[in-house]
Amino acid sequence: MSFRQLMVPAAFAGLFAFGGCGSTMVVRVTPLPPAGRPLEAVFVPTGAPADAKTGRPLRGAALTRRLIEWAGEDSSRLAQAAALVFRQAASPPIAGSNEAAGYALQASDLAWRSLETSGWPAAKWPKECAGALDTYNKALGSFITACSPSIAAGGRMAVVAPDGTFEVKVRYPDRRHVSAGYFDRMLCVDRLEVQGVRERVRVGVFGAALIGERWRTSDRMAEMALQPPLAGITMPLTGVLRFGANRDATLEILDPAETDTVSIGGSRIKIAADFSAPLAFAFSGINDLRLGIRGLVNVGRFKEKAGIYLTEPFDPDRIPVLMIHGLSSSPLIWRDVAAQSLRDPAIRKRFQFWYAYYPSGAPLLQSALWIREAIARIRGDYDPSGRSVASQNLVLVGHSMGGLISQILSTNIGDRLWAELSNKPFETLPLDESDKAAIRSRAFWTVVPGVRAVVFIATPHRGAGMADMSFARIGNYLIRLPGEALGIQRRMLGAIGDAVRGDVRLPRAVSGVNSLSPQSPLYRALEHAPFGPGIRIYSVIGDRGRGDSPESSDGVVPYWSSHLDGVEEEIIVPTGHNAQTHTETEALIRRVLLTVEKEQAYSPSCK
């Protein structure tokens, strides 16, 4: 075994403290539930459903028609009939056959009639008509799953059911990419098992919670530039089916970011949606820690993937929330934070979540440049005029090293960093213009336009002493920086020569790990760099539950490094360095977004 291989476990064990949770999000389609007891043993009302001639139990279409006849317009009987017809749809030999969609639709119709004839307003259905509502939702989900391609295409469809043919019209709101023909497939989330999330975030009670998928295909590569590499677009949707006279029905595909409730008979009811499943679908199969470690060690291989990713299309009318992970981590650390924020209908209507990725072994200033350039590229490609809400507003949420990147993006550094590094004016360095331009883009920066608020989570504003420990030095040795990055560093240090400030200790090569050293001149420069005007600043600091702040530490970053004076709000959470996972952190982020939304609504520059 080589020396390098011997060092890897020790170094990674230490660097894990800086990074993510090490779990993998997985989405599986669960099988249909077992049929249980025979239908004829379950349903035995007065006038049992048996063939008049043979006396044998009725099945299939004959049983369904008998159930419909027996139920009449009685709400309770209609609910029972709906449940039993749906049970047929989910049981052999109907389940999986071409008849399944018709049976599911028939069950939805019966459940709808039960709800309508119950005498209760829609707002009371979850409490007073729970059985019928549950059957309606499940049967509708099964119908949409069975007819997914036709429903995605929109238009009209004739569906043969046991008691006749239904004419179903599929209607889309035709906005924000939620339109007929945009999606390739609809998935009902009731049949999806999601692993790797703390809690499945589901809201509402009416309709079928769905995922709309638009696949990444060869002719859509340019369109999918912002989507995660292993997936296309995965959006939360909701299906609501209304039945009219003469077997006419209208299936509405709704966007829960735009619509929170629907009106039925003058009463409003909240629609069902799932905000964990679409995100899990987008990042399914990716291990947070594995991706983070690979990006830490092999910067050259992953630098082309650095940038900003969306699970939904860019929306010019919603404020971006850019979430930036830390060292040896990945965007997966935000899966619970984003989903929990989307519980609030005001947040999902006014905000879109963006996820930064960068190989964290790169020098910190290089990583910040990648994210800065990605923001400018998105705005330039999707809103060249720069007049949209998305171009004029931005909220930054950064964990650990991601918080430092957020600080760089939201401050005006001027020549402070260079003054901390060298006694020689930058423009006098004997470097060619290409090298000067490369250094200038990293070391001299201004605030990204439109930043409204920044949430720092476990951020080492003055560095982290762990970066100087032996395991970190070993980890730094393992990092493979691209040749061009090393070349620029060598040429810059050679050009500075003996004009380096006397108290500055420069490493042989700057990486993401030693960028966190408190000895770095970066932190003295950031200490005095002003944030952009009007930017609201918030801090989340972990104390491991010891209640000893300001003498506390989250196990990686001490309080003296994570504290900032003059912030809007600082909260101490009883956890370690992974403070982004705490419920108090999630609550603070929601408060910040609602504050920004309120201010933006009255900003004349964004009208």
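Any read-out appearing in this document is the output of simple, stated calculations on the displayed coordinates, not a laboratory observation. This structure is a prediction, so every number in the text was calculated from the model and none was measured. Don't worry about glycine lacking a Cβ; one is built from the backbone with ideal geometry, like all the others, and counts go over all protein chains shown.
Structure summary
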{"read-out": "Computed FRET value (nearest 0.05) for Glu433 with Leu594, which takes r as the C-beta separation and R₀ as 41 Å", "value": "0.30"}
{"read-out": "Distance (nanometres) between label positions extended 7 Å along Cα→Cβ at Glu128 and Asp184", "value": "4.6"}
{"read-out": "CD proxy at 222 nm, helix term only [per DSSP H run n ≥ 4: -39500 (n - 2.57); per residue of the chain; nearest 500]", "value": "-10500 deg cm²/dmol"}
{"read-out": "Cross-link table Lys138/Lys169; Lys138/Lys349; Lys127/Lys598, entries beyond 28 Å C-alpha to C-alpha", "value": "Lys127/Lys598"}
{"read-out": "Segment Asn246-Arg156, extension gain: residue separation times 0.36 nm, minus the distance between their alpha carbons", "value": "30.9 nm"}
{"read-out": "Distant alpha-carbon pairs in region 286-600 (separation over 39 angstrom), percent", "value": "9"}
{"read-out": "Angle between the chain longest axis and helix 433-443 axis [Cα atoms, degrees, rounded to 10]", "value": "70"}
{"read-out": "Crossing angle, helix 60-71 versus the chain [Cα axis fit, 0-90 degrees, rounded to tens]", "value": "80"}
{"read-out": "Ordering of 534-540, 377-383 by burial proxy (mean other Cβ atoms within 10 Å per residue, highest first)", "value": "534-540, 377-383"}
{"read-out": "From the coordinates shown, percent of Cα pairs over 34 Å apart corresponds to which of [x] 49; [y] 61; [z] 43", "value": "[x]"}
{"read-out": "Lys, Arg +1 and Asp, Glu -1 on Cβ, resulting dipole of region 65-154 about Cα centre, debye, nearest 20", "value": "140"}
{"read-out": "Nitroxide proxy distance, nm - points 7 Å out along Cα→Cβ at Lys349 and Arg440", "value": "4.6"}
{"read-out": "Karplus-derived 3J(HN,Hα), 6.51/-1.76/1.60, for each residue of region 395-406, Hz, glycine and proline x", "value": "10, 10, 10, x, 9, 6, 4, x, x, 5, 4, 4"}
{"read-out": "20 Å cut-off, amide nitrogen to a point 7 angstrom out along Ser218 Cα→Cβ, residues in region 166-185", "value": "184"}
{"read-out": "Protection proxy ranking, peptides 459-467, 412-420, average beta carbon neighbours within 10 Å, highest first", "value": "459-467, 412-420"}
{"read-out": "Using θ = phi - 60° and Karplus 6.51 cos²θ - 1.76 cosθ + 1.60, couplings along region 333-341 (whole Hz; Gly, Pro as x)", "value": "5, 9, 4, 7, 4, 5, 5, 5, 5"}
{"read-out": "Approximate spin-label separation Ser385-Arg480, in nm, with each point projected 7 Å along Cα-to-Cβ", "value": "4.8"}
{"read-out": "Distant-in-sequence amide H partners of Ser422 (H built 1.01 Å from N, under 5 Å)", "value": "Arg501"}
{"read-out": "Residue-by-residue Karplus 3J(HN,Hα) for region 367-377, coefficients 6.51, -1.76, 1.60, Hz, glycine and proline x", "value": "4, 4, 5, 4, 5, 4, 5, 5, 4, 5, 5"}
{"read-out": "Long-range HN-HN contacts of Leu192 with modeled amide H, under 5 Å", "value": "Thr30"}
